[in-house]
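> Okay, handing you the structure first.
The values are calculated or read from the model by the stated rules, or taken from the named source; none is laboratory data. As the structure is a prediction and not an experimental result, all values here were calculated from the model. With ideal geometry, Cβ positions are generated from the backbone for all residues, glycine too; neighbour counts draw on all protein chains shown.
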Amino acid sequence: MKIGFIGLGNMGAPMAANLVAAGHAVVGFDLVADVPDGVIKASSATDAVTGQDVVITMLPNGQVLKSVASEILVNMDRGAALIDCSTVDVESAREVAVSAIALGLHAVDAPVSGGIGGAAAGTLTFMAGGTLEAFGIAEPLFDVMGQKTVYCGESGAGQAAKICNNMILGISMLGTCEAFALADKLGLDRQKMFDVVSTSSGYSWSMNVYCPAPGIGPESPADNGYEPGFAAELMLKDLRLSQQAAQVVDADTPMG
């Protein structure tokens, strides 16, 4: 399959590399980052999408997505598919999908979970929104770049799932960090606390997989001087997206 890939940063570059390794022809473009080995470097975003069967975007926010979409959609071949793997607000995802469909294109919003490590290992989880026909085009590529894909519904549903997931992550990580701080003050050994909580009702991904205490549980950024796998500023971005979405639909989410 001929693929254009726009956004080759920490996530996009390994995703594009995995597509190349699977035998796909990938043309990539990024304003700053270099293209990974095997990816053909495009001179512009328009150059990257011309003549491609599928275009994948991995961009920082909804405004950038809409700006890039306004440039590339009119240059994509009719019947081609746009797969946006960025994490953006639901309304931006839906707006871009409407524009794409009006031009005879397919559109899927497919944010990911799994971080940089998952992108490199090809073990990401994709949560996808769009028509079933569009999802059918995208799914084989998700199978290359990830280990699990969930079709969530119509356009915007993938972003809705990602926002809800990361709101839970943010809340649980804050609770986990505060619990360790309390345990320290109470004189409770961190390993003993982990042994109890990780097998009790306090079990969570934040505790069992991504433990914020160094030397406790599986290896995590805490064991590497807190060098980020998923930076705090990105978590803040996602929590802001959750609250923005909550305001739009009048949902009461004070913990988010």
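> What about V248, is it under 28 Å from E91 (Cβ atoms) and either surrounded by 14 or more Cβ atoms within 10 Å (Cβ to Cβ) or in contact (Cβ under 8 Å) with a residue 60 or more places away in the chain (or both)?
Considered against the rule, which asks whether it is under 28 Å from E91 (Cβ atoms) and either surrounded by 14 or more Cβ atoms within 10 Å (Cβ to Cβ) or in contact (Cβ under 8 Å) with a residue 60 or more places away in the chain (or both), V248 comes out as yes.
> Looking at the range 119-165 only, could you name the residues that are in a loop (DSSP other than H, G, I, E, B) and either hydrophobic (A, V, I, L, M, F, W, C) or under 15 Å from the mean Cα position of the chain (by Cα) (or both)?
The initial filter retains those residues of the range 119-165 that are in a loop (DSSP other than H, G, I, E, B), namely 122-123, 131, 154-156.
G122, T123, G156 - these are the residues of the range 119-165 that are in a loop (DSSP other than H, G, I, E, B) and either hydrophobic (A, V, I, L, M, F, W, C) or under 15 Å from the mean Cα position of the chain (by Cα) (or both).
> Only one of T87, T57 is buried (at least 22 other Cβ atoms within 10 Å of the Cβ), β-branched (V, I, T), touching a Phe, Trp or Tyr at 6+ places or on another chain (Cβ under 9 Å) and in contact (Cβ under 8 Å) with a residue 40 or more places away in the chain; which? If you could, list the steps in order and put the result at the bottom.
Values: T87 fails: touching a Phe, Trp or Tyr at 6+ places or on another chain (Cβ under 9 Å).
Going through T87, T57 in turn, just one is buried (at least 22 other Cβ atoms within 10 Å of the Cβ), β-branched (V, I, T), touching a Phe, Trp or Tyr at 6+ places or on another chain (Cβ under 9 Å) and in contact (Cβ under 8 Å) with a residue 40 or more places away in the chain: T57.
> For the range 159-198, how many residues meet the condition of being among the polar types (S, T, N, Q) and either touching a residue at least 60 places away in the same chain (Cβ under 8 Å) or on the phi > 0 side of the Ramachandran plot (or both)? Explain how you work it out, then say what you get.
Step one: list which residues in the range 159-198 are among the polar types (S, T, N, Q), which gives 159, 165-166, 172, 176, 191, 198.
From what's left, either touching a residue at least 60 places away in the same chain (Cβ under 8 Å) or on the phi > 0 side of the Ramachandran plot (or both): 159, 166.
The number of residues fulfilling the criteria is 2.
> Still on this structure, I have one more. Which residues, counting only those in the range 22-36, are surrounded by fewer than 24 Cβ atoms within 10 Å (Cβ to Cβ) and either touching a residue at least 24 places away in the same chain (Cβ under 8 Å) or closer than 17 Å to F126 by Cα (or both)?
As a first pass, look at the range 22-36 and keep what is surrounded by fewer than 24 Cβ atoms within 10 Å (Cβ to Cβ): 22-25, 27, 30-36.
Passing the criteria: A22, H24, A25, V27, D30, A33, D34, V35, P36.
> All but one of (1) free of Cβ contacts under 8 Å to residues at least 40 places away in the same chain; (2) closer than 19 Å to M145 by Cα; (3) crowded, with 23+ Cβ neighbours inside 10 Å hold for A69, so report the exception by its number.
(2)
> Working only within the range 93-103, note down all residues that are in contact with a helix residue (DSSP H, G or I) (Cβ under 8 Å, 6 or more places away or on another chain), under 23 Å from D238 (Cβ atoms) and surrounded by 22 or more Cβ atoms within 10 Å (Cβ to Cβ).
The first filter runs over the range 93-103 and keeps only residues in contact with a helix residue (DSSP H, G or I) (Cβ under 8 Å, 6 or more places away or on another chain), leaving 93, 95-96, 99-100, 103.
Remaining after also requiring under 23 Å from D238 (Cβ atoms): 93, 95-96.
Residues satisfying the conditions are A93, V96.
> Return yes or no: is T123 over 20 Å from D238 (Cα atoms), among the β-branched types (V, I, T), at pLDDT 95 or above and touching a strand residue (DSSP E or B) at 6+ places or on another chain (Cβ under 9 Å)?
On the way: over 20 Å from D238 (Cα atoms): yes; among the β-branched types (V, I, T): yes; at pLDDT 95 or above: yes; touching a strand residue (DSSP E or B) at 6+ places or on another chain (Cβ under 9 Å): yes.
In short, yes.
Okay, residues lined up against (1) of a type in the set (A, V, I, L, M, F, W, C); (2) surrounded by 15 or more Cβ atoms within 10 Å (Cβ to Cβ); (3) over 24 Å from V112 (Cα atoms):
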residue: A161; (1), (2), (3): yes, yes, no
residue: I168; (1), (2), (3): yes, yes, no
residue: E178; (1), (2), (3): no, no, yes
residue: K185; (1), (2), (3): no, no, yes
residue: S204; (1), (2), (3): no, yes, no
residue: Y210; (1), (2), (3): no, yes, no
residue: D238; (1), (2), (3): no, yes, no
residue: Q243; (1), (2), (3): no, yes, no
residue: G256; (1), (2), (3): no, yes, no
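> Please tell me if K41 is more than 17 Å from P111 (Cβ to Cβ) and either of a type in the set (D, E, K, R) or in contact with a helix residue (DSSP H, G or I) (Cβ under 6 Å, 6 or more places away or on another chain) (or both). Let's see the steps before the verdict.
Working: more than 17 Å from P111 (Cβ to Cβ): yes; either of a type in the set (D, E, K, R) or in contact with a helix residue (DSSP H, G or I) (Cβ under 6 Å, 6 or more places away or on another chain) (or both): yes.
Against the criterion (more than 17 Å from P111 (Cβ to Cβ) and either of a type in the set (D, E, K, R) or in contact with a helix residue (DSSP H, G or I) (Cβ under 6 Å, 6 or more places away or on another chain) (or both)), K41 qualifies.
> Got at least one residue in the range 104-118 being exposed (fewer than 15 other Cβ atoms within 10 Å of the Cβ), among the charged types (D, E, K, R) and not assigned by the TED database to the domain that holds E227?
Step one: filter the range 104-118 for residues exposed (fewer than 15 other Cβ atoms within 10 Å of the Cβ), giving 104, 117.
With the extra rule that they be among the charged types (D, E, K, R), the set shrinks to none.
The answer is no, given that none of the residues of the range 104-118 is exposed (fewer than 15 other Cβ atoms within 10 Å of the Cβ), among the charged types (D, E, K, R) and not assigned by the TED database to the domain that holds E227.
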